[in-house]
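In what follows, a single structure is set out as structure tokens and then discussed.
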């Protein structure tokens, strides 16, 4: 046990809560496994479905494990392979090195992170993208359309706020459409903002050619 852990033990005074946790430890572990596994799997799958209902050609969806990216042909790299120079990604947004306990926690904002549809740049353009996000002329039109530039880290995204009670009801009814409607709403906003996203991506690309 390190010094920080020892200090936590010394200052922890809610002994009734401690007793309750210990008595319920078996159920807590079972519930935690359920939240981390099947419930989060189901929610993310439904979120990707909600996103996909709004995406039509020439937009495309690229799926991976716990991942969905929206790509556009003109955002792809001129050379090389990969998703592209930039894309929109269903992502966990929060302080650096922070991760939610589960995707359920992230979706309902129960911790330090939240769910968002983020504009992501490939690794070689990330520093230039961070600089571009300081340009009000590029950023202001996107903020006006609903994007948020995180103050904790230079990340630009459309927020997705899922209500915990609606999500709970959705699981009870085995129908998550209503609870995950904000995913579709964020996707609509993102696709409608293409012209302003093009300008930001173009500025980053131009800066890269001048390096």
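No lab work stands behind these numbers, since they all come straight from the coordinates. In this text the structure is predicted, and so the values were computed from the model without any measurement. Backbone-built Cβ (ideal geometry, glycine too); neighbour counts: all protein chains shown.
Values computed for the structure shown
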quantity: The chain: relative contact order as a whole-number percent, Cα under 8 Å and 6+ apart; calculated: 18
quantity: Fewest-first sequence of 187, 83, 56 by Cβ atoms within 10 Å of each Cβ; calculated: 56, 83, 187
quantity: Tilt relative to the chain, helix 181-192 - C-alpha long axis, 0 to 90 degrees, to 10; calculated: 20
quantity: Rg/Rh (Cα only; Kirkwood hydrodynamic radius) as it applies to region 53-134; calculated: 1.00
quantity: Helix-only CD estimate at 222 nm, as mean residue ellipticity for the chain, using -39500 (n - 2.57) per DSSP H run (n ≥ 4); calculated: -14000 deg cm²/dmol
quantity: Between region 21-70 and region 170-193, the alpha-carbon center distance in angstrom; calculated: 13
quantity: Alpha-carbon radius of gyration plus Dmax, which is the widest Cα pair, for the chain in Å; calculated: 20.2, 64
quantity: Two-decimal ratio, region 95-211, of alpha-carbon radius of gyration to 2.2 N^0.38 Å; calculated: 1.21
